Every structure is written in C-alpha cells, then in structure tokens.
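The values are calculated or read from the model by the stated rules, or taken from the named source; none is laboratory data. Treat the numbers as computed from the prediction; the structure is a model and nothing was measured. FYI the Cβ positions are ideal-geometry reconstructions off the backbone, even for glycines, and counts take in every protein chain you see.
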Amino acid sequence: MSILVNKETRLIVQGFTGSQGTLHSEQSIEYGTNIVGGVTPGKGGKEHLGKPVFNSVKEAVDKVEPNASIIFVPARFCKDSIMEAAEAGIKLIICITEGVPTIDMLDVKKYVDNVGVRLIGPNCPGVITPGEAKLGIMPGNIHLPGSIGIISRSGTLTYEAVKQTTDLGFGQSSCVGIGGDPIPGSSFIDMLKLFEEDTQTEAIVMVGEIGGTAEEAAAEYIKDNISKPVISYIAGQTAPAGKRMGHAGAIIAGGKGTAADKISKLKECGVHVADNLVEIGNKVAEVLKTN
Amino acid sequence: MNLHEYQGKLLFAEYNLPVSKGKVIFDAKNAVDACNEIGGTKWVVKAQVHAGGRGKAGGVELIDSPEEAEAFAKRWLGKKLVTYQTDKEGQLVNSILIEECTNISKELYLSAVIDRDSQKIVFIGSSEGGVNIEEVATNSPEKIIYQAVEFKDKSLPDHAKNIANVLKLNDEQTNQFIPMIDNLLRLFVEKDLSLLEINPLVINSSGDLHCLDAKVNIDSNALFRQPELLEMHDETQEDPREAEAAKNDLSYVSLDGNIGCMVNGAGLAMGTMDTIKFFGGNPANFLDVGGTATQERVAKAFKIILKDPNVKVVLVNIFGGIVRCDVIAKGIIAAIKEVDIKVPVVVRLEGNNADVGAKILSKANIKIESINSLSDAAKKAVELAK
C-alpha cells in the first residue's frame, strides 16, 4: 500500500516536450514510472521519449487512458492546464510549476473541489511512492520503500527528511510535497487523512514552515483523528516578522503563524516536534522505539 | 509588489472609488502650482514611502499656504523617512502627494486580503479606523468583521451590508458602500492584488464615505499580466541587495548576523538559518539560490552575500536533487575563483553524487571546508564567525 500513486498509476505529462517536462519525464521513466504519454498543443501525433504526444488531455484520455497528470507548463498557463485535465476526467493532478497567480488558484481550487479532483501543488516537488512511481522532481535515489509517510510544504526540506529516514533504515511509504503557496490544491489535513488509512504507513512526518495557519489546523485535526504518531519540524524559527522568505507562504503577517505558535500548538495536540532540522530522523527513531 | 499611496489612489479613481483631488510632485518647485491647481485654502502634504506610520514620523502635514507645501517638499524630497514600520535607515522619499483637505467626522477601517483558511477573498472592516488595527483585534474583537466574499457572487450586496452594519453606517452611507465593495472586489481580482487597505476610510463632514489612504500590494506572480502596474515599481523603496537579487531571479533577504548563507530551496534555507542559530550563530541573510545551482547563479549569489560587510564566513548548503553534486561542486569552485572570495567558505553537499562532489571540493586548490553533515557544517561556520 501507499498513497496517491503506485505501480498502477498511468501518468501523462502536460508540457511534455518543454525543457522541464523533458528532463523530469526522463528521470521519472528511469525510476520506473508508467508514463503513457504527454500533452503539448500543436505537437500531437509525434513521439517524445518513446511516448505518444497529444494535442489535448481529452485526446490523451481517449487514446491511452491515463489516471494522473503532472503539469510542467509555464505559470501563466497553469490555470487552464489544470482545468483542462480536470474537465477531461483526470482525478489526480500534480502541478509542479512555481509562480501561479493566487487569483487563478482561487478559481482552480473551487473548481477541482466541486468536481472531486485531487490537486497537489502548485509550486511543489510532487509525489513519490518509493520503488513504484515518481511523479515529481525529487531525486529518486535518496528514497527507500518503507513505513514513514512524509508531507511537506517545501522541496529540498522534504529531501532532508527523506534522506534522514532512509539513512536510519525506515524508508517511506509515500512522500507528498503540497507546496508553499497561499492556496494549495491539497492541505496537510487531506494528506494526513490518507496516511492514517494507509496500512503501510506506521508514522507520519509533517514538515511545516512559518506563515499561514495550516500547521495549527493540522495539529487540531491530528489530536482528534490521527492514531499514528506524527513527527513534525517547523522551518523559519529564526525568520524575522514581516519578511518574506522566498515561498509565498513563508511570511509572518501581524504576528500570526510564527514558528513558536505552531510548535506550541503541535505539542499541545500530541505531535512530536523535532527542535532542529538535523534531528528529524532521530526523532522518528525515538518515537517509534517508545510506541 | 507594493504601490505608493498616490499610485493606489490612481487605481481607486479608475474603479470609481471616492478619493481626494490631488497631485503628486517629484520636485519642490512644482508644489505651489500643484496647490493652486487643486484649489481651496487648505491642503494635506504626504511623503510617499512604502511604509505606514508616516503621520507620527512627520511625513504628513496639514498646511494652509502653497509656500508651506514647497517648504515641506524641500524638507523631505531626497531624504529618508523613518517610521515604526521601516528599519532604522528609513525609506527614501522621492515623491510628495498634495491633496485637498477633507473634513473628517469619523474614521473607519477597511481592508481585503486573500484568506488561506477559507480560500476566499476576505474583507476586514472595523468602526475603529485610523489606528493600529491589530490592537483593536486584540482588545475589542467585536468591533471587527471578517467577511468572505466571492467575485460575481449574487450575495455580494448582502455581504456588503454585513460589513456596513459593523461599520455602523446609516442607510445613505450603506447605499454608497454596497457599490464600493463591488468596485473594490473588481479591483482586487482584475489587478491581481494580494492586499488592499484603506486606513482610514472616513465619513466626511457631508456624511459621505471617502478613501483617505490607499495601501495596495500586488501579487508578484501576476505581474506578467499587469504591465501598467509593473511600471509603477519603485526600486528605491527596496533594500538594494534584495532588489539586485530579485533581478537575478535569486531570493535574498538581508538579516543582521555575520554568517552568509547560500541554500537551494526556501524551506531548506530557513532550516539552515535555524540550524545556525541553534548552534549559537547568527545568519547574515536568507538566500535561495534556486533549483539549478549553476556556476553563474552561485557566483551571483556569492557577490550579493559578500556585499554585506558583516559577513565573516559563508555557509553553502545544497541538497543536490536533479542537478548532481559533482556538477554543483565544480560550479562552486569556479564561482569562488571568479569572485575572489576572502572569507572562509563552508560547503555542505548532500544528495545525488554527494561523495564525488565532496572529493572534488577537497582536491580543489582553494580554501573550502567541505563537510557532509549539516550539523557539523553549521557548527564549523559558527566557530569561524566568532
């Protein structure tokens, strides 16, 4: 078991023939991901990386029956690409692209929720189920099939948590980067729900950062709904208030969403908090030993 | 991206929102003409900077002769205004807004933001305007309304009425307020705003609603489709190093410590700063070098970090994902040679081909401390910074 993606996933790539789409599709195929085709308007009928190219998602759905899509198109086209995939009946859409306007995401989020489509991202590293399928830009080689479910708002920070759980031999059931934007397609809570139901997952690592109140909401949810141990780390403990730290999400406005607030809320709700980035793996080991 | 008050008010006027008659000047010699053109016998002169708290800092004055406007402009243009919202250097004043004087009978508060929790645009209104709204929120939360709204939603007039009730508007003012909310929401969506604040929104002596201030922030991700707003960008209001980094597509924020940081990914960059602090050091900056840490980008990042004279050591922390660590290592060495760095550099490479990368770094004929563990690398940087 795992969440969201596995060997059965039939993936199409939107923005397949662009430089990012090409680079990451190559690596995903190498990892063993079943890419069944790609979409680039105007290039339909051609072949790319040994896979068929289609003009539209609809055409791809008719011909190769994909059940997931990954999006690498430029930010200004993401709204249309996500809507197109959702309209064509794709139920899992992963948008890697960074820099999608927030106003676009308000419409997108409302739409995908209404039609029951699971959107991950934008501005995220994607989803991986180690040993089965890699739908994203994460380095495959640091992962190991195993028992830890990882959820994170950040890319390279996720890789740290992955590397540490791999080095200690736990491995991961699945890893999901939900992205750092103000309006993400999926929240920590959406993913916590899936990991709670997944039999392979024994513990969950949730990597958060300053800004917003997603971690606080997740903490409340964990208290009432999650039976598995949750280990968390919050980045940005030393970030000064009011300064924007790269991610659109990582800004502390009006004193809300500070690391201290988040950490105390998480602890209050029974989450095990690693004090330091380098201690995530050790914290997992400590918690699993006592459980 | 922030706008100046006068730019925000141009947008307000475009959307039929009630703003004062005014003129912006960039040169003191135009002050008298501007006052005469506006007319009347009393004016307000306002120094334009990207920060609040201008009134208390002397950046806003009520005057009753055009000569005073000229004197005010001479006093402030080219100078820096320090308010409680700026750093201790202050913000450069390069324009002055002169407006006709408004007689105020009541000050209210109105703003709109994108709310992450409800995933909607939310209007925030209060009957207590012109003051620090955070204080009102803490001390008398019942005086504040948070109203989620949706563009082109039929219930928008009802939502506007909910806000009007909390603002204690009379029937006539409520009739003005309903289209005002509609216009503000259109402005917010069509111009890709991330924040809009009118503090204060006032009721003037004739009993009409009037926007006395305008704070507007635009979603930087949407500037590609807002070319006329992009032209309003005032680089002088930003930290020069941050502005230069932005030009190079690097994300940089200057801080007050002495350990320069170069990291790939915003989350890991914050995590690295935290780790430095954890071991007793102080980061000099936040810098996200991005997903592709090429020699060119690394060199630019080094240059920006080293413009800060406080930097005693640079800690490079790269998690090589798609780009292999051996490629990154070569890029770092070339960049260090290119920039001719005098301070010690501690490099931690992890991920794809990390061992090969470390070997390349240790064999390079330059002063680099290559350390594989992040805690050890951070400790080393803290020690070298002492």
- Item | In the range B:71-128, the residues that are over 18 Å from the mean Cα position of the chain (by Cα), of a type in the set (K, R) and not in a strand (DSSP E or B) | B:K74, B:R75, B:K79, B:R116
- Note on the structure: Within the range A:30-61, the residues that are over 17 Å from A:A88 (Cα atoms) and either in a helix (DSSP H, G or I) or hydroxyl-bearing (S, T, Y) (or both) are A:E30, A:Y31, A:T33
- Selection over the range A:156-199 where residues are part of a helix (DSSP H, G or I) and among the aliphatic types (A, V, I, L, M) yields a count of 7
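Results for (1) modelled with pLDDT under 95; (2) more than 21 Å from the chain's Cα centre (by Cα); (3) buried (at least 24 other Cβ atoms within 10 Å of the Cβ); (4) within 12 Å of another protein chain (Cβ to nearest Cβ), shown as yes or no for each residue.
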| site | (1), (2), (3), (4) |
| --- | --- |
| A:D190 | no, no, no, no |
| A:I204 | no, no, yes, no |
| A:P229 | no, no, no, no |
| A:G236 | yes, no, yes, yes |
| A:M245 | yes, no, yes, yes |
| A:C269 | no, yes, no, no |
| A:H272 | no, yes, no, no |
| A:K289 | yes, yes, no, no |
- Task: State the number of residues belonging to the range A:130-143 that are assigned to a loop (DSSP other than H, G, I, E, B) and more than 14 Å from chain B (Cβ to nearest Cβ).
- Result: 3
- Message: Only one of A:V127, A:V112, A:V100, A:V108 is touching a Leu at 6+ places or on another chain (Cβ under 6 Å) and either within 14 Å of chain B (Cβ to nearest Cβ) or among the charged types (D, E, K, R) (or both). Can you tell me which?
- Response: A:V112
- Query: Looking at B:S95, B:S111, B:S118, B:S127, which is the one that is within 14 Å of another protein chain (Cβ to nearest Cβ), in contact with a helix residue (DSSP H, G or I) (Cβ under 9 Å, 6 or more places away or on another chain) and polar (S, T, N, Q)?
  - Reply: B:S111
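Residue-wise test of (1) surrounded by fewer than 18 Cβ atoms within 10 Å (Cβ to Cβ); (2) in the same structural domain as B:I332 (by TED's automatic domain parsing); (3) in contact (Cβ under 8 Å) with a residue 60 or more places away in the chain.
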| residue | (1), (2), (3) |
| --- | --- |
| B:M180 | no, no, yes |
| B:L187 | no, no, yes |
| B:S194 | no, no, yes |
| B:V202 | no, no, yes |
| B:F224 | yes, no, no |
| B:D249 | yes, yes, no |
| B:I259 | no, yes, yes |
| B:N264 | no, yes, no |
| B:T272 | no, yes, yes |
- List the number of the failed condition for A:Q27; all other conditions in (1) outside any helix (DSSP H, G or I); (2) more than 17 Å from the chain's Cα centre (by Cα); (3) in contact (Cβ under 8 Å) with a residue 60 or more places away in the chain hold. (1)
- Among the residues of the range B:188-214 satisfying the criterion of being within 13 Å of chain A (Cβ to nearest Cβ) and among the charged types (D, E, K, R), which is nearest to B:V60 (Cα to Cα)? B:E197
- Does B:E244 satisfy being within 12 Å of another protein chain (Cβ to nearest Cβ), surrounded by fewer than 19 Cβ atoms within 10 Å (Cβ to Cβ) and either in contact with a Gly (Cβ under 8 Å, 6 or more places away or on another chain) or acidic (D, E) (or both)? no
- Task: Go through the range B:266-289 residue by residue and tally those that are facing chain A (nearest Cβ under 7 Å) and either over 21 Å from the mean Cα position of the chain (by Cα) or closer than 17 Å to A:A259 by Cβ (or both).
- Result: 13
- Message: Given the options B:S95, B:S111, name the one that is buried (at least 17 other Cβ atoms within 10 Å of the Cβ), touching a Lys or Arg at 6+ places or on another chain (Cβ under 9 Å) and either outside the structural domain of B:D192 (by TED's automatic domain parsing) or among the small types (G, A, S) (or both).
- Response: B:S111
- Can you confirm whether the range A:133-151 contains a residue that is closer than 22 Å to A:A259 by Cα, among the β-branched types (V, I, T) and over 12 Å from the mean Cα position of the chain (by Cα)? no
- Item | A:I148 crowded, with 24+ Cβ neighbours inside 10 Å, in a strand (DSSP E or B), away from every other protein chain (no Cβ under 11 Å) and touching a Ser or Thr at 6+ places or on another chain (Cβ under 6 Å) | yes
- Query: Under the condition of being among the charged types (D, E, K, R) and farther than 18 Å from A:D190 by Cβ, which residue from the range A:151-178 is farthest from the other protein chains (Cβ to nearest Cβ)?
  - Reply: A:D167
- Query: Name the pairs whose Cβ atoms lie under 9 Å apart, with the first residue in the range B:67-82 and acidic (D, E), the second surrounded by fewer than 19 Cβ atoms within 10 Å (Cβ to Cβ), and 6 or more positions between them or separate chains?
  - Reply: B:E67/B:V32; B:E68/B:E61; B:E70/B:A28; B:E70/B:K29; B:E70/B:N30; B:E70/B:V32
- Query: When you go through (1) away from chain A (no Cβ under 14 Å); (2) surrounded by fewer than 19 Cβ atoms within 10 Å (Cβ to Cβ); (3) assigned to a helix (DSSP H, G or I) one by one for B:E134, which number turns out not to apply?
  - Reply: (1)
- Task: Could you look through the range A:110-129, keep only residues that are in a loop (DSSP other than H, G, I, E, B) and surrounded by 20 or more Cβ atoms within 10 Å (Cβ to Cβ), and pick out the one that is farthest from the chain's Cα centre (by Cα)?
- Result: A:V117
- Note on the structure: Given the conditions (1) at pLDDT 95 or above; (2) touching a Pro at 6+ places or on another chain (Cβ under 9 Å); (3) not polar (S, T, N, Q), every one holds for B:D213 apart from (1)
- Query: Within the bounds of the range B:329-340, is there any residue that is in a loop (DSSP other than H, G, I, E, B), at pLDDT 85 or above and either over 25 Å from A:L23 (Cα atoms) or of a type in the set (V, I, T) (or both)?
  - Reply: no
